[in-house]
1. Taking the stretch 35-51 as the search range and keeping residues that are touching a Lys or Arg at 6+ places or on another chain (Cβ under 9 Å) and not in a strand (DSSP E or B), which one is farthest from the ligand (Cβ to nearest atom)?
2. Can you confirm whether the stretch 162-171 contains a residue that is closer than 24 Å to Ala209 by Cα and not aliphatic (A, V, I, L, M)?
3. Looking at the stretch 52-75, which of its residues are away from the ligand (no atom under 16 Å from the Cβ), under 14 Å from Asn128 (Cβ atoms) and either touching a strand residue (DSSP E or B) at 6+ places or on another chain (Cβ under 8 Å) or without any contact (Cβ under 8 Å) to a residue 12 or more places away in the chain (or both)?
4. In the stretch 104-118, how many are aliphatic (A, V, I, L, M), more than 23 Å from Tyr198 (Cα to Cα) and either within 16 Å of the ligand (Cβ to nearest atom) or in contact with a Cys (Cβ under 6 Å, 6 or more places away or on another chain) (or both)?
5. I'd like the residue in the stretch 138-156 that is closer than 20 Å to Tyr198 by Cα and within 16 Å of the ligand (Cβ to nearest atom) and, out of all such residues, is surrounded by the fewest Cβ atoms within 10 Å (Cβ to Cβ).
Amino acid sequence: MQRLIEGVHKFRSGEFGNYRKLFRKLSREGQNPHTLFITCSDSRVLAELITQSQPGDLFVVKNVGNIVPPASVRGDTNSTAAAIEFAVDTLRVSDVVICGHSQCGAISALLAEHPVSAATPHLHDWLNLAAPVRETLKKNYPHLQEARARENAAAEENVLFGLDNLHSYPCVQDRLMAGTLRLHGWFFKIATAELFAYDPETRQFSPLAAGQPSPGDC
Ligand SMILES: [Zn+2]
């Protein structure tokens, strides 16, 4: 905790000077983020850092495994749905990014099919929302034997699963029909801090080249 408090003081006495005007403007005018960025709670995946975004740019949802449940999932397992509806319907973001990552503990646990633990019932139920990803791995990737390769494939499939599920939200459907919303699937490789974007035409995740927008709508 001491590190956090020292960080707050360091920010207030140093870097905040560069942001003073921006925070005042955002306070006065409210937020108007251009992108809903859904990624994993993993401490190594920092949406603002890897996209060099400023305060007010991204509406960020972090959850375990960057899972996007279908709209039909109700109750305490779907606070992510509330954030999606708020960002898409109220804030009117123009883009939604689902960003998975390498070495994801949630994906690893999902593939391991851990038995229910009395200590983590919520975690179990949450990960179980992505059970179809596990089935996709069994069906389409039997040739992958190495654990790391299987986890990366599952993390990418989980992004595609989330993109599919986004289509089940009425507010997303409306905005897609109106042509005012774009969906993107990304994958972040921790060791090299590289970003890959899903291209629905090639059905591959390819390096996100500089000066190039993320490939078309998913
Ligand atoms: Zn993760």
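The values are calculated or read from the model by the stated rules, or taken from the named source; none is laboratory data. These numbers were taken from a predicted model, which means no experiment stands behind them. Note that we place each Cβ from the backbone using ideal geometry, even for glycine, and neighbour counts take in every protein chain shown.
1. Result: Ala47.
2. Yes, the stretch 162-171 has at least one match.
3. The one that is away from the ligand (no atom under 16 Å from the Cβ), under 14 Å from Asn128 (Cβ atoms) and either touching a strand residue (DSSP E or B) at 6+ places or on another chain (Cβ under 8 Å) or without any contact (Cβ under 8 Å) to a residue 12 or more places away in the chain (or both): Gly75.
4. So the first thing to find is which residues in the stretch 104-118 are aliphatic (A, V, I, L, M), and the list is 106-107, 109-112, 116, 118.
Restricting the remaining residues to those that are more than 23 Å from Tyr198 (Cα to Cα) gives 109, 112, 116, 118.
From what's left, either within 16 Å of the ligand (Cβ to nearest atom) or in contact with a Cys (Cβ under 6 Å, 6 or more places away or on another chain) (or both): 109, 112.
Residues that pass the stated criteria total 2.
5. So the residue we want is Arg148.
Conditions tested, residue by residue: (1) at pLDDT 95 or above; (2) more than 16 Å from the ligand (Cβ to nearest atom).
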site: Asp89; (1), (2): yes, yes
site: Arg92; (1), (2): yes, yes
site: Ser102; (1), (2): yes, no
site: Thr120; (1), (2): no, no
site: Leu127; (1), (2): no, no
